[in-house]
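Down below is the structure, laid out as structure tokens.
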Amino acid sequence: MASMLSCSPPPLMKPMVSPLPSSIGSTHFEKKLRHSVVSQVATEPRVTVTTVPVRRTETARPDGTGTGQISAWTSVRQERWAGELAVEGKIPLWLDGTYLRNGPGQWNIDQHHFRHLFDGYATLVRVSFNKGRVSAGHRQVESDAYKAARKNRRLCFREFSETPKTNNFLSYVGELASLFSGSSLTDNANTGVIQLGDGRVLCLTETTKGSIQIDPNTLDTIGRFQYTDSLGGFIHSAHPIVTESEFLTLLPDLVRPGYIVARMEPGSNERKVIGRVNCRGGPAPGWVHSFPVTENYVVVPEMALRYCVQNLLRAEPTPLYKFEWHPESGSYMHVMCKTSGKIVASVEVPPFVTFHFINAYEEKDEQGRVTAIIADCCEHNGDASILDLLRLKNLRSSTGLDVLPDARVGRFRIPLDGYPIGELDAALDPEEHGRGMDMCSINPAYQGKKYRYAYACGARRPCNFPNTLTKIDLVTKRAKNWHEDGAVPSEPFFVARPGATREDDGVVISIVSAKNGGGYALVLDASSFKEIARAKFPYGLPYGLHGCWVPTSKGVEKTCMH
């Protein structure tokens, strides 16, 4: 136990050896790498609606930005709405709290239409459950980027694939200067939403300035979340690890390629450095959209999909946008002790591409010594083309072709005995979930621990985007899938039943954009993965990204159901 608490390699194990040269890189791994809905209709409650007049006008367009198209890829048609939802089926009485979901919801400024899913201005959605009834609402997050675009009727900040247009060379030089200072980077917090251990709720994206505090009851924007430390940096992981006791994040260093691992305590705005990982390959750090942790370690991934300053400076996007693919530089997994900041393993792994890690845990031998770290992710078979697939013109296409790149549950095994090579294999047959895999959640009580179940978006082919919800059983290596023709479900989010002892005792919530242009909050029984209820919105919602659950007892007041 003492050795584990100090995060030193377990006794009787080989000391760490010198890492293999990066020239082993991709050539070393080239050979290894390729290897029905039943509902009961409840009495419909009276629907109360509060709206704010639309500040823009839209008409039907062939690019899907107007009416007549699936709502998943259509800009939200009003800035805010609130009301009670009609329920089909039966909501569990124990489900008491609010599901918040964030994501891009407006993809145009007047007649200027964004190109990429990730460019859209953030739309925050609230679905509140109380005594079997459901109320909901949505509102645009009032970032500086959104407010400036609305006021000036044009793009004013750099988004994922969009750059403000310059009229002449001098204005171009000025725009570059603002880029280097960080002032032109967006604060459009359109990626995730989290609740800190002290109860504050933040919307996040990959720019540090895009950390915005909101009120979970009204969805009002409170203001920018200001970090009070001196760590600096313009970017961080869009997905920190958040528990009641800590907030862990990664800050990529583009100047001295590496990553700062930092921790923030509840009630504080100050991030404190745990340690640093230096990159082992490539001209810049690998993209770190997310990362996993175990009970004692932080796992820092180093992908061959690396940040690229030259691409950031371009006025027009490249196929990989702000990144470059450098398979020759190698791909690595680093393991850092949470308490000491000491790096206890740094291994080369096959090339991989992932947005989202699912979970990680410590593998132990019969004597209880930690021998390896197991880390699971939604892995795209080392294929970075998924980034360009997320152009809106691709998502709005209705060709019926099977163009979604394959994905799997990628399982890393990172040895802690000093051996310099790690493993990456599929945790189960990808055909179980249609060779589609992303947008994942687990029972949060199992974060950093050995677990059995994961919930994600999968595929029923042919398709151009994940179109099913899937429950993965990592013990039986089977999957259960939910699908509705033409629907686009967002991230399935697990909520445990109070007092539950089974890992899958609870519900899974997803907001679904329906084929007919409508939308609803779907509630599945997490164990059977059967639908138990849906709460219908009076309008269709755009596709969203990530969410969080805020129990009523932790800061969201009971919503009036009159």
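Considering the range 403-424 alone, what residues qualify as being in a loop (DSSP other than H, G, I, E, B), of a type in the set (Gly, Ala, Ser) and under 27 Å from residue 391 (Cβ atoms)?
Step one: filter the range 403-424 for residues in a loop (DSSP other than H, G, I, E, B), giving 403-407, 416-420, 422.
Next cut, of a type in the set (Gly, Ala, Ser) only: 407, 418, 422.
The answer is 407, and nothing else.
Report those strands (runs of 3 or more DSSP E) wholly inside the range 34-107 carrying at least 1 residues which are at pLDDT below 95 and more than 29 Å from the chain's Cα centre (by Cα).
Answer list for the range 34-107: 49-51.
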Notebook entry, point to check: Is it the case that residue 300 is in a strand (DSSP E or B) and open to solvent by less than 10 Å² (accessible area, probe 1.4 Å)?
Noted result: yes
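Please pick out the residue among 383, 388 that is surrounded by fewer than 22 Cβ atoms within 10 Å (Cβ to Cβ) and either of a type in the set (S, T, N, Q) or over 18 Å from the mean Cα position of the chain (by Cα) (or both).
383 is the lone residue from the list that is surrounded by fewer than 22 Cβ atoms within 10 Å (Cβ to Cβ) and either of a type in the set (S, T, N, Q) or over 18 Å from the mean Cα position of the chain (by Cα) (or both).
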Item checked: Residue count for the range 301-341, restricted to those that are within 17 Å of residue 276 (Cα to Cα) and not charged (D, E, K, R) -> 11
Next item on the list: Could you tell me whether the range 250-258 includes any residue that is open to solvent by less than 20 Å² (accessible area, probe 1.4 Å), more than 21 Å from residue 279 (Cβ to Cβ) and modelled with pLDDT of 95 or more?
Entry: no
Check: Got a number for residues in the range 421-445 being open to solvent by 60 Å² or more (accessible area, probe 1.4 Å) and closer than 19 Å to residue 501 by Cβ?
Finding: 2
Notebook entry, point to check: From the list 478, 497, which residue is among the basic types (Lys, Arg), surrounded by fewer than 22 Cβ atoms within 10 Å (Cβ to Cβ) and under 27 Å from residue 199 (Cα atoms)?
Noted result: 497
Next item on the list: Taking only the range 230-284 into account, find how many residues are closer than 21 Å to residue 547 by Cα and aromatic (Phe, Trp, Tyr).
Entry: 1
Next item on the list: Given the conditions (1) touching an Asp or Glu at 6+ places or on another chain (Cβ under 7 Å); (2) within 30 Å of residue 155 (Cα to Cα); (3) in a strand (DSSP E or B), report the number of the one that residue 324 does not fulfil.
Entry: (1)
Check: Among 413, 435, 408, 461, which is the only one that is under 23 Å from residue 303 (Cα atoms), over 21 Å from the mean Cα position of the chain (by Cα) and modelled with pLDDT of 95 or more?
Finding: 413
Next item on the list: Keeping to the range 108-156, report how many residues are of a type outside the set (S, T, N, Q), assigned to a loop (DSSP other than H, G, I, E, B) and over 22 Å from the mean Cα position of the chain (by Cα).
Entry: 7
Note to self: So the check is Cβ under 6 Å with 6+ separation or different chains; which pairs have a first residue in the range 139-159 that's closer than 13 Å to residue 185 by Cα and a second one that's among the β-branched types (Val, Ile, Thr) and in a loop (DSSP other than H, G, I, E, B)?
What the structure shows: 145/186; 157/186; 158/186; 159/186
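Residues are listed down the side, and each one gets a yes or a no for (1) within 17 Å of the chain's Cα centre (by Cα); (2) among the small types (Gly, Ala, Ser); (3) not in a loop (DSSP other than H, G, I, E, B):
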residue	(1), (2), (3)
217	no, no, no
232	no, yes, no
237	yes, yes, no
251	yes, no, yes
259	no, no, yes
274	no, no, yes
277	no, no, yes
283	no, no, no
288	yes, no, no
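The values are calculated or read from the model by the stated rules, or taken from the named source; none is laboratory data. The shown structure was predicted, so the numbers you read here are calculated from the model rather than taken from an experiment. All Cβ positions, even for glycine, are placed from backbone atoms using ideal geometry, and neighbour counts span all protein chains on display. Quick note on the areas: whole protein, heavy atoms, side chains included, nothing else; ligands and nucleic acids left out. Shrake-Rupley method; radii C 1.70, N 1.55, O 1.52, S 1.80 Å.
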